Amino acid sequence: MDAAAEVPAEEILFQKHAKYFVRFLNILPARLASHDSTRVTIAFFAVSGLDVLDSLHLLSESFRTDIVNWIYSLQVVPGVGARPCGGIQGSSTLNVLNRRNVADWKAYRWGHLAITYTGIAVLVALGDDLSRLDRRAIIDGVAAVQRPDGSFSATIDGSEHDMRFVYCAAAICAMLNDWGRVDRRKMAEYIQKSIRYDYGISQHYEMESHGGTTFCAIAALELSGQLDILSADVRAKIVRWLVFRQQDGFQGRPNKPVDTCYSFWIGATLKILNAFELTSSKDNRQYVMSTQDKTVGGFSKWPGSHTDPFHTYFGICGLSFLQEPGLQPVEPALNISQRAFQRLKQLHAVWELEREQPDGNGTVPSSSSNSTCVKRDVRVNIE
């Protein structure tokens with residue numbers, strides 16, 4: 001078929017996708033009731049999706065303020081002498097209040113790494129200055145859930161510990177520009193031990209290589225300034241494993257069907273490793289666009305299946321990596337827009353100045369961390 005006879009590329013329905021996200025910020029369908037405890041992550045997909053679509057203007061100032069205040073209402077700040085369980089919880093539903101014994105209620109409130117990460121990302125996307133976050137309590141909470149093997153649990157009690165939460169911990173520390181007592185070296189060792197025989201990276205030791213957890217591992221190394229622990233040979237083999245995940249779209253594991261979200265998970269990892277150009281942009285775009293719902297907006301994991309905020313957001317991010325006109329660029333390691341990332345860097349600069357200001361006694365308080373601010377191909381270490 002000659003070029004003149006080719007079917008024109010399908011267009012992104014920007015307005016429908018933006019309205020799709022706004023609907024999820026106003027009301028959730030009944031089928032998502034089981035996700036109530038993770039409502040913050042749904043808000044993240046919607047708000048960050050609107051940010052990448054350059055459509056945050058659809059949210060009124062009062063609505064933005066309501067979302068920001070809601071996120072702050074979910075912040076958990078432990079009292080003096082309490083366990084270091086600081087962070088953000090997923091929903092107000094978790095506030096099971098025993099009016100006769102408030103202490104019992106508070107004993108079940110603690111931060112969750114994935115919720116804390118997405119909650120901070122929502123605040124940054126909406127232009128908040130993070131001034132109401134207890135950053136010290138959050139970073140202490142992250143350090144408290146690090147396991148002896150270097151991995152992290154989601155919460156201080158009753159949680160799995162694996163690569164997903166390694167990423168969330170690294171993202172939180174990078175966004176707050178503070179690693180506190182987190183053992184980055186031990187974290188890197190855990191990641192190295194999770195590289196499988198085929199050079200994909202697994203969720204935990206001795207498990208199967210997976211595109212999502214390979215992203216989590218590589219992004220965590222990037223955010224913690226440790227990507228150089230991977231030799232050139234190992235890095236090349238990881239890239240090879242990633243590139244082989246493309247069929248037309250990307251699959252998460254060998255012999256599995258392709259799925260829209262892996263346009264982000266695989267694409268972002270290749271972006272971090274400076275190898276995204278090894279993939280077929282045309283095939284990638286064609287698959288993602290085949291999952292677009294032309295009636296109500298949104299993207300699904302497979303053509304013809306139900307849309308959801310998760311696949312809609314990651315599909316749009318995958319298209320952003322292809323430099324799709326009209327989409328904001330995405331910072332792959334932090335999974336936020338470049339605009340939000342630049343805002344974070346400005347906050348980091350302000351915090352560093354505050355650390356250098358003399359206190360009431362005329363002395364300069366020392367920084368509580370060795371912070372690493374990550375930028376594409378540039379790493380600034382602040383001691």
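The values are calculated or read from the model by the stated rules, or taken from the named source; none is laboratory data. Bear in mind that the values here come from a model prediction, so they are computed numbers and not experimental data. Cβ coordinates were reconstructed from backbone atoms using ideal geometry, including for glycine residues, and neighbour counts include every protein chain displayed. To get the accessible areas, we keep the full protein, side chains included, count just its heavy atoms, and leave off ligands, DNA and RNA. Shrake-Rupley method; radii C 1.70, N 1.55, O 1.52, S 1.80 Å.
Miscellaneous remarks
- Between amide H atoms placed 1.01 Å from N, distances below 5 Å from G87 occur with V76, G111, all of them 5 or more places distant or on a separate chain.
- Between R185 and E206, full extension at 0.36 nm per residue minus the direct alpha carbon distance yields a gain of 5.5 nm.
- Calculated FRET value between D198 and N95, using beta carbons and R₀ = 41 Å, to 0.05: 0.35
- Phi-based couplings in Hz for the range 208-224 (Karplus 6.51, -1.76, 1.60; Gly and Pro marked x): 6, 4, 8, x, x, 6, 5, 4, 4, 5, 5, 5, 5, 5, 4, 5, 8
- Rounded to the nearest 20 debye, dipole of the chain from Cβ charges on Lys, Arg, Asp, Glu: 680 debye
- Taking a sphere under 14 Å around the Cβ of L113 and counting the other residues whose Cβ falls inside, with K and R at +1 and D and E at -1, yields a net charge of -2.
- Taking the range 260-367 as the region of interest, the number of lysine pairs whose Cα atoms are within less than 22 Å, with members eight or more places apart or on different chains, is 5.
- Rounded accessible area per residue of the range 139-252, 1.4 Å, Å²: 36 Å²
- Look at the alpha carbon pairs under 8 Å that are at least 6 residues apart: their mean separation over the length of the chain gives a relative contact order of 16 percent.
- Among S231, T93, A18 the positive-end extreme of the charge dipole of the chain (Cβ point charges): T93
- Of interest is the spacing of the C-alpha centroids, which for the range 119-168 and the range 39-61 amounts to 21 Å.
- Over the chain, dividing the summed -39,500 (n - 2.57) contributions of all DSSP H runs of at least 4 residues by the number of residues returns a 222 nm mean residue ellipticity of -14000 deg cm²/dmol.
- At the residue level, E354 shows approximately 100 square angstrom of accessible surface with a 1.4 angstrom probe and all protein chains present.
- Other residues whose C-beta falls under 11 angstrom from the C-beta of R147 contribute a net charge of -3, scoring Lys and Arg +1 and Asp and Glu -1.
- Annotation: lysines with alpha-carbon distance below 20 angstrom to K193 (same-chain offsets under eight excluded): K237.
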